[in-house]
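Notes follow the structure.
The values are calculated or read from the model by the stated rules, or taken from the named source; none is laboratory data. This structure is a prediction, so every number in the text was calculated from the model and none was measured. Counting neighbours? That spans all protein chains shown, and the Cβs are built from the backbone with ideal geometry, glycine included. SASA here: full protein model, heavy atoms, side chains in, ligands and nucleic acids out. Shrake-Rupley method; radii C 1.70, N 1.55, O 1.52, S 1.80 Å.
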Amino acid sequence: MDLIANLSLGFEVALSPSNILYCVIGVTVGTFVGVLPGIGPMATISMLLPITFGLDPIGALIMLAGIYYGAQFGSSVTSILLNIPGHAAAAVICLDGHPMAKQGRAAVGLVGSAIASFIGGSLAIILVMQFAPPLAKFALRFGPAEYFSMMALALLAAAILSEGELLKGIGMVLVGLIIGVVGIDVNSGAQRLSFGSWNLADGVSFVIVAMGVFAVSEVMANLEPHSKPQMVGSDFTWRELVPSWRDFRQAFGSIIRGFGVGALFGALPGSGPTIASFISYSVEKKVAREPERFGKGALEGVTGPESANNAAAVAGFIPTLTLGVPGDAIMALMLGCLMIFGIQPGPRVITDNPELFWGLMASMWIGNLLLLILNIPLIGIWVRVLKIPYAILYPSILLFICIGVFATNNNTFDILLLAGFGAAGYIFSKLGCPAAPLLLGVILGPLIEENMRRALLISRGDPTVFVTHPISLGLLLVAAAVLAGFFYSGFRKRRAGLREADTTVDG
Amino acid sequence: MFTRITAAVGIASLALALAGAAHAQSDFPTRPVTLIVPFGAGGGTDNLVRTFQPALQEALGQAVVVENRPGGGSTIGTALVTKAQPDGYTLLAVDTAVTVNPALYDNLPYDTLKDLTPVSLLATGPVILIAHPSVEAKTMDDIVAKAKAEPGTLTFASGGNGASTHLALELMKLETGVDVIHIPYKGTGPATTDLLGGHVQYMFNGISASRPHLESGAIIGIAVTGDERNPAVPDVPTFAELGYPQVNPMSIWGVWAPAGTPDDVVAKLSDAFAKAINDPAVVEKLNDLGFFTVGSAPGEYGERVSSEMKKWKNVVETAHIVVE
């Protein structure tokens, strides 16, 4: 069969000594930039891009891809241990990963996330190998109307994400939407909320917002005189690494669902791992039998999003390699790299450069396996990171975050912006306002606005475009169902709460 | 921390510059040259610069450091170069944005022609008008006829308000007097995706980005700009051939130094850039990417920029393009 021949070609390429070396370098660097807070794949790849021009194209691509998916792998480590996300896609892991660590289940969370990453990534590779061209065709059917409806559905998920008071959650989404508006308006070209500053003309990067409100604010919280004592989890045995049957059962379904979410959002240009991991979290919370466990250390809240962001990282190669259009900024970098090598990205890459496509796919699977082998033993080391005195640990983390944020655009203004969002995040957490809906608002706001206006521009102002396109209509119906379900369960909860209040006088 | 390092580096380089000022001109360059690209890594200008970087290092006999300073439609990186020491060690490599921005923005933090001095016109690139195969009007004449019969119905995607792909459209509208809908995107990548999906009908785009889709039949080529047909897409006629010679927007890439850079340093740099960009291996690679290499003298680039600036000012004012 063709697939067998293609696979053997792929593994032949990927298993050549030099390509294995590039793969090992890629995933190792990826793991470390994933673990180091703030230094994400974007900053790393843009820094390393010039170095790769000396390599052969396939080796360069294997290495850069390794950094990309390797970074998704490692990014949850600090989310779980320190409540500080390695990069934006792992912000959502903090919600349940860190409570797990507080309960002394850090190792379970780390193993769960490593296995979820591996399964999500591996399934996505199979998907890309078998179905990349049809998937790319399907993705092309998503026009502005479809994107609007999908992002509206995703924003609704933000409401579900919110912990605690609903009003605060909605408020934070709105603040996120306002931040997302900053910069040059795509449609009119007018600058909005940029206060005449060129530094704000391109808007506020969600990476800076994520690092500010999740990471810097957490560092600040630890400066408080009565801050929490040194973390648990220092006493660590290798036996903890073996997941219990109960853990496994809990996590398995979430990993598969996470893969589904990640594959969909990864294959669609313009979304990517961060959105995928947030949506996966919402899905898990929605399907869980006891949603109240979420936010208090639910394993599915870690494994679902982890599987999703790895699947999305892999599936992101579908539009990049089959259509030649980048799914996100990192994919745009890789396309640029291919063009320097004289490889014309586009629909013919798979047929014209089969060794590139199949070699990359095979190397990704090898890379995912390497990551699993690399990460499981490292867990012992990561857990010991908690023994580092906070006086050394937190300043180092702050430094890494600054380096990561600076390196993306080489702009010192971004560091000031980071500090501002750090302070804002600290105030938000003091007020009990959840940060996750804010981040989703920042990411989704511009996408929703842009696509809605674009859809209306194309339909010449006819709003029925959102319900006459079948995919768009389907997505809006799901959104309506989610909303109805949300109000219904809220209503039931309130009634149950009232009944409870009747019987127990103390409340 | 960073500001302190930057300050230290700044002071050190200032000291070096002062010490070297007396005799630097003749033996320029004596240390690495920094080439600032005011766009992100992996973009068109970045690809161009990285391709000839090795040849440039050889021509200058010094290391060339490429620094990406993206943001504000090239204004952030450009502003940096205008404030740099005018010693030839900090240069700017930029695309058509430098000729368009003065017309688009009334609050640019610099005066392009006063604060910068041209070094060399590096390359030019034609633009191609492409369409989804499902469109009815598949030739320029049909497009113009249809747009006149049903004004405001044909949709044209672009890489954003004020982007070169948008200005090409405005120039076409101006010269043919048609009324079509402009659909701006954040960059030509997402615009191409929607064109491939048939969600928009037409688009002006770079040649290299369009070529694979033309070859696979996913899009069709209507016309290219330039004086003659492009070897990369030999089947696509030029606008002039079709009777629209005024529709001739070209992308141009060039190098600038801060104003006040000594003439002999500029001349030396200009020669080195011309040599690097016309290196046979470089030319071959760049042609494949859709660039026509030039490597002009400083004056020639300056004149080209002045005339382009006038052209775009006219287009921007007539089309009422707003980018504040």
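What's the total number of residues in segment A:347-368 that are touching a residue at least 24 places away in the same chain (Cβ under 8 Å) and open to solvent by 60 Å² or more (accessible area, probe 1.4 Å)?
Going through segment A:347-368 one residue at a time, the tally reaches 2.
Do you know which of the residues in segment B:203-216 that are surrounded by 24 or more Cβ atoms within 10 Å (Cβ to Cβ) and farther than 25 Å from A:L135 by Cβ is farthest from the other protein chains (Cβ to nearest Cβ)? Looking at the filtered set, the residue picked out is B:F204. For segment A:244-261, the tally of residues that are modelled with pLDDT of 90 or more, more than 14 Å from A:M150 (Cα to Cα) and not charged (D, E, K, R) stands at 8. Could you tell me whether any residue of segment B:244-265 is within 14 Å of chain A (Cβ to nearest Cβ) and within 30 Å of B:K173 (Cα to Cα)? Within segment B:244-265, none of the residues are within 14 Å of chain A (Cβ to nearest Cβ) and within 30 Å of B:K173 (Cα to Cα).
Could you check, for segment A:84-93, whether at least one of its residues is more than 14 Å from chain B (Cβ to nearest Cβ), out of contact with any helix residue (DSSP H, G or I) (no Cβ under 6 Å at 6 or more places or on another chain) and surrounded by fewer than 24 Cβ atoms within 10 Å (Cβ to Cβ)? No: zero hits.
Every residue, every condition in (1) in contact (Cβ under 8 Å) with a residue 24 or more places away in the chain; (2) surrounded by fewer than 23 Cβ atoms within 10 Å (Cβ to Cβ); (3) out of contact with any strand residue (DSSP E or B) (no Cβ under 8 Å at 6 or more places or on another chain); (4) not basic (K, R), yes or no:
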site: A:L3; (1), (2), (3), (4): yes, yes, yes, yes
site: A:N6; (1), (2), (3), (4): yes, yes, yes, yes
site: A:G10; (1), (2), (3), (4): yes, no, yes, yes
site: A:V13; (1), (2), (3), (4): yes, yes, yes, yes
site: A:P17; (1), (2), (3), (4): no, yes, yes, yes
site: A:G26; (1), (2), (3), (4): yes, no, yes, yes
site: A:V33; (1), (2), (3), (4): yes, no, yes, yes
site: A:M42; (1), (2), (3), (4): yes, no, yes, yes
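Looking at segment B:183-199 only, could you name the residues that are assigned to a helix (DSSP H, G or I), touching a helix residue (DSSP H, G or I) at 6+ places or on another chain (Cβ under 8 Å) and open to solvent by 30 Å² or more (accessible area, probe 1.4 Å)? Residue satisfying the conditions is B:T188 alone.
When B:I219 is evaluated against the numbered criteria (1) more than 30 Å from B:K83 (Cα to Cα); (2) surrounded by 22 or more Cβ atoms within 10 Å (Cβ to Cβ); (3) more than 14 Å from every other protein chain (Cβ to nearest Cβ), which criterion, by number, is the only one it fails? Just one mismatch for B:I219, condition (3).
Take A:G59 and tell me if it is surrounded by 24 or more Cβ atoms within 10 Å (Cβ to Cβ) and in contact (Cβ under 8 Å) with a residue 40 or more places away in the chain. When the stated conditions are applied, A:G59 does not pass them. What about A:M339, is it buried (at least 19 other Cβ atoms within 10 Å of the Cβ) and either closer than 21 Å to B:G40 by Cα or modelled with pLDDT under 90 (or both)? Taking the combined requirement at face value, the residue satisfies it. What residue, among those in segment B:25-42 that are touching a residue at least 24 places away in the same chain (Cβ under 8 Å) and within 10 Å of another protein chain (Cβ to nearest Cβ), is surrounded by the fewest Cβ atoms within 10 Å (Cβ to Cβ)? Top of the filtered list is B:G40. Working only within segment A:165-196, note down all residues that are open to solvent by 20 Å² or more (accessible area, probe 1.4 Å), without any contact (Cβ under 8 Å) to a residue 24 or more places away in the chain and within 14 Å of another protein chain (Cβ to nearest Cβ). The answer is A:V182, A:I184, A:S188, A:A190, A:Q191, A:R192, A:L193, A:F195, A:G196. In the set (1) more than 25 Å from A:Q191 (Cα to Cα); (2) touching a helix residue (DSSP H, G or I) at 6+ places or on another chain (Cβ under 7 Å); (3) within 14 Å of another protein chain (Cβ to nearest Cβ); (4) of a type outside the set (D, E), the condition left unmet by B:A93 is number (3).
Does segment B:286-296 include one or more residues that are within 14 Å of chain A (Cβ to nearest Cβ), out of contact with any helix residue (DSSP H, G or I) (no Cβ under 8 Å at 6 or more places or on another chain) and open to solvent by 10 Å² or more (accessible area, probe 1.4 Å)? Scanning segment B:286-296, I find at least one residue that is within 14 Å of chain A (Cβ to nearest Cβ), out of contact with any helix residue (DSSP H, G or I) (no Cβ under 8 Å at 6 or more places or on another chain) and open to solvent by 10 Å² or more (accessible area, probe 1.4 Å), so the answer is yes.
Can you find a residue in segment A:374-382 that is open to solvent by 10 Å² or more (accessible area, probe 1.4 Å), free of Cβ contacts under 8 Å to residues at least 60 places away in the same chain and more than 16 Å from A:Y68 (Cβ to Cβ)? Yes: segment A:374-382 contains one or more residues that are open to solvent by 10 Å² or more (accessible area, probe 1.4 Å), free of Cβ contacts under 8 Å to residues at least 60 places away in the same chain and more than 16 Å from A:Y68 (Cβ to Cβ). Taking the criterion of being at positive phi, more than 12 Å from chain A (Cβ to nearest Cβ) and open to solvent by less than 20 Å² (accessible area, probe 1.4 Å), the only residue of segment B:54-89 that qualifies is B:G88. Among the residues of this structure, B:G226 does not count as one that is touching a helix residue (DSSP H, G or I) at 6+ places or on another chain (Cβ under 6 Å), open to solvent by less than 30 Å² (accessible area, probe 1.4 Å) and of a type outside the set (S, T, Y).
Of the helices (runs of 4 or more DSSP H) that lie entirely inside segment A:5-115, those containing 3 or more residues that are under 17 Å from the mean Cα position of the chain (by Cα) and under 19 Å from A:S277 (Cα atoms) span A:17-35, A:57-74, A:76-82, A:93-102.
Note on segment B:118-137: residues that are more than 28 Å from the chain's Cα centre (by Cα) and open to solvent by 10 Å² or more (accessible area, probe 1.4 Å) amount to 3. Of the helices (runs of 4 or more DSSP H) lying entirely inside segment A:252-365, those carrying at least 1 residues that are within 14 Å of another protein chain (Cβ to nearest Cβ) and touching a Ser or Thr at 6+ places or on another chain (Cβ under 6 Å) are A:329-340.
Does any residue of segment B:162-170 turn out to be open to solvent by less than 60 Å² (accessible area, probe 1.4 Å), within 13 Å of chain A (Cβ to nearest Cβ) and over 15 Å from the mean Cα position of the chain (by Cα)? Yes, that holds for at least one residue.
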